[in-house]
Amino acid sequence: MQQRIGQGWTQCLGLLLYVLLLSLWGYALIGLGSEEHQGDVYRIIYMHVPAAFAAFMCSFVLFVASIYGLKRNKHGQAVLYGRAAAEVGLAFTLITLVTGSIWGKPTWGVWWTWDGRLTTTFILLLLYGGYLFLWSAVSDPVLRTKVCSILGLLIFADVPIIYKSVTWWRTLHQPPSLFQGGQGLIAGEFLSLLLGGIAGVSLLALWLIWQRGINLGLQKEIDTQLIKKSLRY
Amino acid sequence: MLQISSLSFRYDHVELFQHLSFTVKPGEILHLRGSNGVGKSTLLAILAGLLSPSAGQVTWGKEEAGFPSLQRGEFFAYLAAEANGLYLQLNALSNLRFWSSLSSEPLAEETIRTALLRWGLASPLLQERLAVGFLSTGMRRRLALARVSLSPAPCWLLDEPIYGLDTRGVELFREALQNHVEQGGMAVVVSHDLVSLAGLTVRQYVLQDKWR
Amino acid sequence: MSLVGGFIRIVRQGFRVEFQEKERLLTPLFFAALMLLLFNFVLDEQAEAVQVKLFVAEIFLTMLFALHLCFSRIFEADAEDRAFEVLQTYSLHRLAWFAGKYCLAMIFGLLVIVPMILLSGLFHGQATLFLLYSPALWGVVVLMLAGLSALGVLLAAMMLKARGREVLFPLLYFPLAIPVLLAASEAVLGFISGSAAAWQWLGLLLGFDVIFITLSAVLFAELVGD
Amino acid sequence: MTNLAYIIAAYSWGIVGISLMMYAVRRQRLKLEAILTHLESAL
């Protein structure tokens with residue numbers, strides 16, 4: 001049990017990632033020159049795109065955790081990482097949606113557009129919420145592990161289909177929004193910064209999932225100790 | 001022949017039981033004893049295939065006792081403690097017809113009706129008119145026991161079989177269990193009520209309480 | 001117990017239970033009729049072209065909601081006295097079990113959808129009459145039902161022991177079913193206007209069906225087989 | 001609302017969100033460890 005207590009290096013790793021990201025964002029805000037026709041507002045991309053990437057990466061982590069969760073009489077830790085992935089994923093979808101709409105206002109003059117990516121993120125938010133509701137609705141841990149793992153697989157299978165259908169639906173009804181158009185202008189320094197941001201946020205998301213998973217494991221262990229103690233007297 | 005070797009089950013982190021090993025030979029009744037919460041029903045659920053153990057093996061139906069290798073569902077007939085597994089909108093007859101149709105050789109209408117008679121569900125009103133939902137708990141338990149007795153499965157897994165039965169019902173249960181065992185069948189019974197197995201040759205198996 | 005044998009018994013049992021109370025069968029249909037009424041109150045008389053678009057939107061939305069009622073009831077009879085658990089202890093082939101329930105979901109789904117679409121056609125009158133005869137509409141409807149039934153049966157089985165499953169079922173079923181709703185309505189509209197995109201949407205609908213029918217069959221076997 | 005305000009709003013949402021999560025995970029870990037060591041010492 002000792003090794004699971006937060007040793008120094010895991011906490012420092014998290015802090016290191018956090019500081020790295022802050023400095024990256026700092027540079028994005030101050031260092032980079034402002035871009036011609038969009039002024040400075042394009043800088044929000046360095047927060048919006050990495051957060052969106054992390055949100056979708058969480059659905060992949062949930063997928064892998066669900067595969068292991070379905071294996072026979074698994075110890076049960078895998079599905080806890082699945083739940084952690086759903087929670088972190090939910091948070092990142094929220095960040096993505098908020099930064100996306102803030103970014104949309106100056107660019108297109110509206111707080112919300114039915115852009116394919118934004119809409120898919122919104123549906124992903126609902127799916128993560130559904131996963132967590134299902135988790136709390138089933139009390140028997142053995143059944144809950146199986147049922148939630150199955151939902152994890154369904155979510156991962158459906159996200160690409162949702163994305164394709166929503167983007168098709170959008171392109172049919174509106175010429176590709178500036179956002180896609182804007183993709184062309186990302187080059188050189190801007191691109192490397194963006195990729196750095198995506199890597200940074202994704203690693204941080206993985207770290208959050210890992211730590212939250214351990215916490216859930218500790219919580220379960222405490223509950224078991226309490227059950228064992230209550231059985232003893 | 002049913003063989004359990006070093007079976008253990010962990011409910012999340014709490015080890016319910018560990019390294020259970022015993023065998024049940026044809027013609028034998030195993031009476032599972034042990035205080036509440038020791039895992040008797042869980043053990044039956046594992047044998048029936050509803051739960052998978054965290055370790056250990058359950059093997060059944062070896063050829064030497066004349067039983068060809070059967071699937072788990074064909075070897076075990078399971079009766080849960082607080083549920084009879086009946087379709088409450090349908091009448092008694094169609095319930096039994098459905099369950100018997102699921103086992104390998106579906107039974108003739110006659111055998112089903114005689115089983116209903118044997119279990120005291122004789123009146124045609126009871127058999128066909130009335131939906132099972134209107135029957136009393138005792139009557140439903142008899143119907144569930146009739147389902148088990150009709151099943152060709154050699155090994156019965158009975159969890160509190162006489163729950164809700166009157167004295168006549170208990171006698172009927174003992175008779176059915178008796179001739180099932182005489183025909184080379186076997187049974188694993190969980191029952192706190194000693195009356196249910198009185199007068200039958202029974203082997204006790206006490207599940208140790210791991211904590212106290 | 002053979003695959004086909006198990007399948008037939010599950011389907012027959014499903015009919016026996018469902019036809020026990022005939023009126024229960026009609027509840028989803030009445031619900032669908034009610035929804036159509038509400039739609040027509042709100043979206044009253046429109047121009048010809050808009051009428052068609054409304055008709056398509058109405059039937060697919062009503063279909064999605066009415067099917068949700070059918071699916072969440074698929075295992076009700078089995079769950080009442082935990083017959084579902086006893087079924088798990090029988091040597092019933094898992095695939096036959098799923099196929100049986102899937103077939104029941106399709107049949108009861110059609111029993112609700114076909115009258116609903118005819119009723120909606122009645123409400124919209126002349127403008128949409130041609131649609132009722134077009135194979136495109138009925139083809140897409142059947143494909144949509146095929147995909148949703150697989151998803152519905154699996155979700156219903158998953159939530160058998162969940163608390164508050166009446167609320168939980170739509171919460172999971174609708175987000176997952178969004179691509180089907182989009183693909184179906186866009187496909188029909190595309191076929192009407194003769195645009196090539198319709199085949200693209202049909203492809204997506206087929207893709208959803210194939211993926212979710214196989215995935216649901218496998219995961220159902222995983223859920224009940226232990 | 002000038003561009004600057006939009007940028008600040010977006011970044012503050014992101015950074016506050018991430019910091020909150022890191023803080024919550026850290027605090028929960030400490031709380032759980034305390035309970036566990038207490039439980040083990042009491043056994």
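The values are calculated or read from the model by the stated rules, or taken from the named source; none is laboratory data. Fair warning: this is a prediction, and the values are worked out from it, not measured in the lab. Methodologically, a virtual Cβ is constructed for each residue, glycine included, from the backbone with ideal geometry; neighbour enumeration extends over all protein chains shown. Calculation scope for accessible area: heavy atoms of the full protein, side chains included, ligands and nucleic acids excluded. Shrake-Rupley method; radii C 1.70, N 1.55, O 1.52, S 1.80 Å.
With not in a helix (DSSP H, G or I) and not aromatic (Phe, Trp, Tyr) as the only criterion, which of C:Leu110, C:Leu171, C:Leu160, C:Leu122 stands out?
The conditions single out C:Leu160.
Matching residues to (1) within 14 Å of chain B (Cβ to nearest Cβ); (2) part of a helix (DSSP H, G or I); (3) within 17 Å of C:Leu181 (Cβ to Cβ); (4) open to solvent by 60 Å² or more (accessible area, probe 1.4 Å):
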position	(1), (2), (3), (4)
C:Phe60	no, yes, yes, no
C:His68	no, yes, yes, no
C:Phe71	no, yes, yes, no
C:Ala96	yes, yes, no, no
C:Ala99	no, yes, no, no
Among the candidates C:Phe84, C:Phe31, residue that is on the phi < 0 side of the Ramachandran plot, within 13 Å of another protein chain (Cβ to nearest Cβ) and assigned to a helix (DSSP H, G or I) = C:Phe84
Checked against (1) crowded, with 18+ Cβ neighbours inside 10 Å; (2) touching a Leu at 6+ places or on another chain (Cβ under 8 Å), B:Gly56 satisfies every condition except (1)
Across (1) crowded, with 19+ Cβ neighbours inside 10 Å; (2) outside any helix (DSSP H, G or I), C:Ser91 clears everything bar (1)
Please find, among B:Leu90, B:Leu79, B:Leu86, the residue that is farther than 30 Å from B:Met1 by Cβ, open to solvent by less than 20 Å² (accessible area, probe 1.4 Å) and in contact with a strand residue (DSSP E or B) (Cβ under 9 Å, 6 or more places away or on another chain).
-> B:Leu90
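Tell me the residue from B:Leu93, B:Leu130, B:Leu102 that is in contact with a helix residue (DSSP H, G or I) (Cβ under 7 Å, 6 or more places away or on another chain), touching a residue at least 12 places away in the same chain (Cβ under 8 Å) and either more than 19 Å from B:Ala48 (Cβ to Cβ) or facing chain C (nearest Cβ under 10 Å) (or both), please.
B:Leu93
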Looking only at region C:157-172, decide whether some residue is more than 8 Å from every other protein chain (Cβ to nearest Cβ), touching a Leu at 6+ places or on another chain (Cβ under 8 Å) and open to solvent by 10 Å² or more (accessible area, probe 1.4 Å).
-> no
Looking only at region A:89-110, and only at residues there that are open to solvent by 40 Å² or more (accessible area, probe 1.4 Å) and within 11 Å of chain D (Cβ to nearest Cβ), the one that is nearest to the chain's Cα centre (by Cα) = A:Leu90
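Of the residues that sit in region B:109-136 and are among the aliphatic types (A, V, I, L, M) and open to solvent by 60 Å² or more (accessible area, probe 1.4 Å), which one is farthest from B:Leu165 (Cα to Cα)? Show your work before the answer.
So the first thing to find is which residues in region B:109-136 are among the aliphatic types (A, V, I, L, M), and the list is B:112, B:115-117, B:121-122, B:125-126, B:130-132, B:135.
Checking the rest, the ones that are also open to solvent by 60 Å² or more (accessible area, probe 1.4 Å) come to B:117, B:125.
Details: B:Leu117: 16, B:Leu125: 20 Å.
Across region B:109-136, the extreme among qualifying residues is B:Leu125.
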Going by the structure shown, is C:Ser134 surrounded by fewer than 18 Cβ atoms within 10 Å (Cβ to Cβ) and either away from chain A (no Cβ under 11 Å) or at pLDDT 90 or above (or both)?
-> yes
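For region C:196-217, which positions are more than 18 Å from the chain's Cα centre (by Cα) and more than 9 Å from chain A (Cβ to nearest Cβ)? Walk me through it before giving the result.
Of region C:196-217, the ones more than 18 Å from the chain's Cα centre (by Cα) are C:196-201, C:203.
If the condition is that a residue be more than 18 Å from the chain's Cα centre (by Cα) and more than 9 Å from chain A (Cβ to nearest Cβ), then C:Ala196, C:Ala198, C:Trp199, C:Gly203 are the ones that fit.
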Go through (1) open to solvent by less than 70 Å² (accessible area, probe 1.4 Å); (2) without any contact (Cβ under 8 Å) to a residue 24 or more places away in the chain; (3) within 14 Å of another protein chain (Cβ to nearest Cβ) and name the single condition C:Phe39 misses.
-> (3)
Got a sec? Which of B:Glu15, B:Glu74, B:Glu82 is over 25 Å from B:Gln204 (Cβ atoms) and acidic (Asp, Glu)?
-> B:Glu74
Could you please tell me which pairs satisfy a Cβ distance under 6 Å, a separation of 6+ or placement on different chains, a first residue in region B:21-44 that is of a type in the set (S, T, N, Q), and a second residue that is part of a loop (DSSP other than H, G, I, E, B)?
-> B:Ser35/B:Asp209; B:Ser41/B:Ala81
What number of residues within region B:176-191 satisfy the criterion of being surrounded by 13 or more Cβ atoms within 10 Å (Cβ to Cβ) and not hydrophobic (A, V, I, L, M, F, W, C)?
-> 5
Which of the residues that make up region A:40-65 are among the aromatic types (Phe, Trp, Tyr) and within 15 Å of A:Tyr128 (Cβ to Cβ)?
-> A:Phe56, A:Phe60, A:Phe63
Return the total of residues in region A:112-132 being open to solvent by 20 Å² or more (accessible area, probe 1.4 Å) and assigned to a loop (DSSP other than H, G, I, E, B).
-> 3
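Within region C:111-129, which residues are among the hydrophobic types (A, V, I, L, M, F, W, C), farther than 19 Å from C:Arg16 by Cβ and surrounded by fewer than 21 Cβ atoms within 10 Å (Cβ to Cβ)?
C:Val114, C:Leu118, C:Leu119, C:Leu122, C:Phe123, C:Ala127, C:Leu129
Mind listing just one residue for me: the one in region A:133-144 that is more than 8 Å from chain C (Cβ to nearest Cβ) and open to solvent by less than 30 Å² (accessible area, probe 1.4 Å) and, of those, modelled with the lowest pLDDT?
Of region A:133-144, the ones more than 8 Å from chain C (Cβ to nearest Cβ) are A:135-136, A:141-142, A:144.
Going one step further and asking which of them are open to solvent by less than 30 Å² (accessible area, probe 1.4 Å), we end up with A:135, A:141.
Details: A:Trp135: 95, A:Pro141: 87.
Selected residue: A:Pro141.
For the structure I just gave you, tell me whether C:Phe208 is surrounded by 17 or more Cβ atoms within 10 Å (Cβ to Cβ) and assigned to a helix (DSSP H, G or I). Write out each step before concluding.
Values: surrounded by 17 or more Cβ atoms within 10 Å (Cβ to Cβ): yes; assigned to a helix (DSSP H, G or I): yes.
In short, yes.
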